[in-house]
Amino acid sequence: MTVSSEAQEGSRRHRLTTFGTLSLAGPEGDTVLGEHGHHRRRLALLAVLAAAGERGRSRDQLLALFWPEATQARARHSLDQLVYALRGTIDESVFAGVNPLRLNRDVISSDVDEFNEALTRGDARAAAEVFRRPFLDGFYLSDAPEFERWVESERSRLASSHVSALERLARSADSAGEHELAARWWGALTDVEPLSSRHAAGRIRALAAAGDHAAALQFAKRHEAVVAEELGTRVDPAITTLVDELRARAQLTTGAPVGVSAPPPPRTHPAGASDDVARVHAAPAPVLVTPSGAAPRNPTTRRRAAADAIAAVMLIVSLTAAMFWRSRNDERALAVESAPSIAVLPFANLGGDSHDAALVDGLSEELLAVLAKLGHVRVIAHGSAAAFKSGGAAARRMADSLGVSHVLQGGVQRAGSRLRVQVRLVDARDGSTRWAETYDRELRDVFAVQSDIAGAVARELDLRLGAATLARIERGPTHDIAAYELALRGNGARRGLEYFEQAVALDSGYAAAWAGLSRMQLRVGNSNDTTMPRRARLALAEQAALRAIALDDSLAEAHASLSLVRKVNLDMASSEAELRRAIALDPMNAQLREWLVQLSIVTGRPALALVEARRAVQLDPLSATATAEVAHALQANDRCDEALVQLAALRSLRPPLLRASTIAAQCYVRKRMWPEAIAEAHRILGVSGTRGLSLYGFVLARAGRVDEARRVLATLLDRAQRTEGSAIDVALVYAALGENDEAFAWLDRSVEERSFQLEQREDLMKSLEADPRYEKFRAKLVLQNR
């Protein structure tokens, strides 16, 4: 059906805004679709299609996004109804095509479409002007988890593209000598990413090059304060060096025996420029006065002045050279950020034998780990890639959901001691296969297969993978394939401790197996183990972790295992040092970031926790646990409303994520929403049995249901008499009941038995903070940030 030219002219004025609050405006600027509940899904569909541009979205893709759990017939009916409603609200021809479904640009325009089009034609300035706020800021659909994951991925992709566009503008202005304009763009970048040392350095350099050293130093001071407040650390050493150089230049300019000419006439500055840029345009530019303008009175003074002038020129040249090379280093850093990205999907077990599942999964996970260490490619964490383990989705859809440019898929078939590995690298832009290979090898050659695949992928993505690296991969972590299989089976298995013990018995030099053994000892010790005292189990876990580090100090999982043990032993400073070492060795590991979130909250640094939580989501965008840790960090920052919005995306998980309900319950306690808090605590009991009893008892006590809370307490006391590990649970319920003497006595016992662990339960201690004994207890734990 077509519309008249007059109708098209009127419809053309419909405007979809996606950067910031999602809304649709009509011909006169009036809101057509806004925050009303029945408008939200209509707006969501328009946003998805607008982001897709001319490619549009197939109906199957839309069904998977909005109605993943509905029957095919019901989902198609819902989509038809949604399309019908939008045609009635906007215009009959609002959609172009039937399958795929696209927006008709003659009828409706959108900022995200303009942003993407500007990037496609290389117009970074137009893209920067369109991007105002985060994509679909604050918008969510509580019953569409796939849509929520898509929003997070798309928001991240668009934000990254926006930053890249701003960087191109800033560097272009730098190269052209337009330092005032460069300062404007670098200023926009520091507004978007205030913690980025690269952007801060760019802004400082641009302001200095424009002649405003005072503004450059003032901004450097602000940046230092922000980093100290948000991260609890000092600024990057490169910033410190740059500031020292600028101070030296300023001192030289003002202190040398030379004059300053009259200021130049005022200049206009770019529209929308920051205050710093305005000061740059208004400030006088110091210049050296010629000898005839201020001649020295005697030969000695003249010679000294000449020497000072030569020294000044040499210093300025050397400082300029240093700043140039630092700029070149920043350009290399930008090249890393704009490098290829890849998701390594879990390989399919083509043989179908469940006994081979650990080997098949291990092969893809090892490849992911190898690629993640290259440093020139963004690798999506295993958790998000595992969401597509079934392999039913098309590569382009998977890449779109994960925000990557390439997907590595494969399958493994085992027949006795023989392996067949089929693998292909897919270009997400058009779904084409860039490279494919089949390897028929002996099982003992599995590490050689990993090396061959890693080398081929690196070549296809124009990455450098040196011969030494390939040789190290080919050698593998162990010489014993049987030990390797045992270690793979130990990860996540109930008999994991037994498997790892067998692995290290076969190869005592297998560092990764020792690290796995440490984790399993810790897991058994945390499960109310009755076969060994808790402290003895922790000692074994620490010995295994230290053995792993002694064998291979570059193994991130070994340092991570030691960090976990030290945290249970309440040595928080050492725990954090080991965890940061692990992150430095494996920076793409989202789980390590999640552990740092928890450690930062326990040690009283919620702002740092939120920064790390968002980094974890960037690395593993579809990870439920990473999303939960964002909510955890928001809760710690007293932003419970935002935390509950994050947790809404996890409601449909089956089985439920226990930490999500734990965080939600504490948020509801803060908001004094007792029925909701009790419901969340009860949800945990329904899944984990008695594991969540302490939280349930705590919430009941705080809600005034004291008799029920005491019944829970009696159960916990009975369990504490029989096994170690429950003292902290008893203490928390006593605290909620206001019986502080008993609470502190049981807290002391929890420290002695090493059951004092507060991850996702920090709020439960707040009822004791007013008691003078609380600070003494904290001091005893050495929980202060060192």
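The values are calculated or read from the model by the stated rules, or taken from the named source; none is laboratory data. Bear in mind the structure is a predicted one, so any value in this text is a computation, not a measurement. Every residue, glycine among them, receives a Cβ derived from its backbone with ideal geometry; neighbour counts consider all protein chains shown. With ligands, DNA and RNA removed, areas are computed over all heavy atoms of the protein, side chains included. Shrake-Rupley method; radii C 1.70, N 1.55, O 1.52, S 1.80 Å.
Close amide H partners of Leu103, meaning residues 5 or more places away or on another chain with modelled amide H under 5 Å apart, are Ala96.
For segment 134-205, what's the relative contact order in percent, using C-alpha pairs closer than 8 Å and at least 6 residues apart?
Numbers: 51 pairs, mean separation 15.3, N = 72.
It rounds to 21 percent for segment 134-205.
Extending 7 Å from the Cα toward the beta-carbon at both Arg444 and Thr241 defines two label points whose distance is 5.0 nm. Between Asp123 and Glu28, the FRET efficiency estimated from the beta carbon spacing at R0 = 35 angstrom works out to 0.75.
A Förster distance of 41 Å, applied to the separation of the beta-carbon atoms of Asp718 and Ala85, puts the FRET efficiency at 0.10. How much FRET efficiency would the formula 1/(1 + (r/R0)^6) give for Ala357 and Asp143, where r is the Cβ-Cβ distance and R0 is 41 Å, rounded to 0.05? FRET efficiency, Ala357 to Asp143: 0.80. Net charge of the neighbourhood of Gly20, taken over other residues with C-beta under 11 Å away and scored Lys/Arg +1, Asp/Glu -1, is 0.
Within a straight-line Cα-Cα reach of under 12 Å, Lys567 can be paired with the following aspartates and glutamates, leaving aside sequence neighbours fewer than 8 residues apart in one chain: Glu542, Glu576, Glu578, Glu759. Note down the relative contact order for segment 184-234 as a percent, whole number, built from C-alpha pairs under 8 angstrom at least six residues apart. In percent, rounded to a whole number, it is 28.
Annotation for Glu460 and Thr433: the two label points, set 7 Å from Cα along the Cα-Cβ direction, are 1.0 nm apart.
Give me the extension gain from Ala770 to Lys221: residue separation times 0.36 nm, minus the current Cα-Cα distance, reported in nm with one decimal. 194.0 nm is the gain from fully extending Ala770 to Lys221.
Loop-located trypsin sites (Lys or Arg not before Pro) in segment 661-716 (DSSP state other than H, G, I, E, B) with a sparse environment of at most 16 neighbouring Cβ atoms within 10 Å: Lys671, Arg672, Arg705.
If you average the sequence gap of Cα pairs under 8 Å that are 6 or more apart and divide by the length of segment 698-749, what percent do you get for the contact order?
The normalised contact order for segment 698-749 reaches 35 percent.
With all protein chains in place and ligands, DNA and RNA left out, the 1.4 Å accessible area ranks Trp150, Trp746 as Trp746, Trp150, largest first. A simple spin-label model places the labels of Arg711 and Arg651 2.8 nm from each other, with each point 7 Å out along Cα-to-Cβ.
How much length is gained if the chain between Ala550 and Asp641 is pulled fully straight, taking 0.36 nm per residue apart and subtracting their Cα-Cα distance, in nm to one decimal?
Stretched out fully, the Ala550 to Asp641 stretch lengthens by 28.2 nm.
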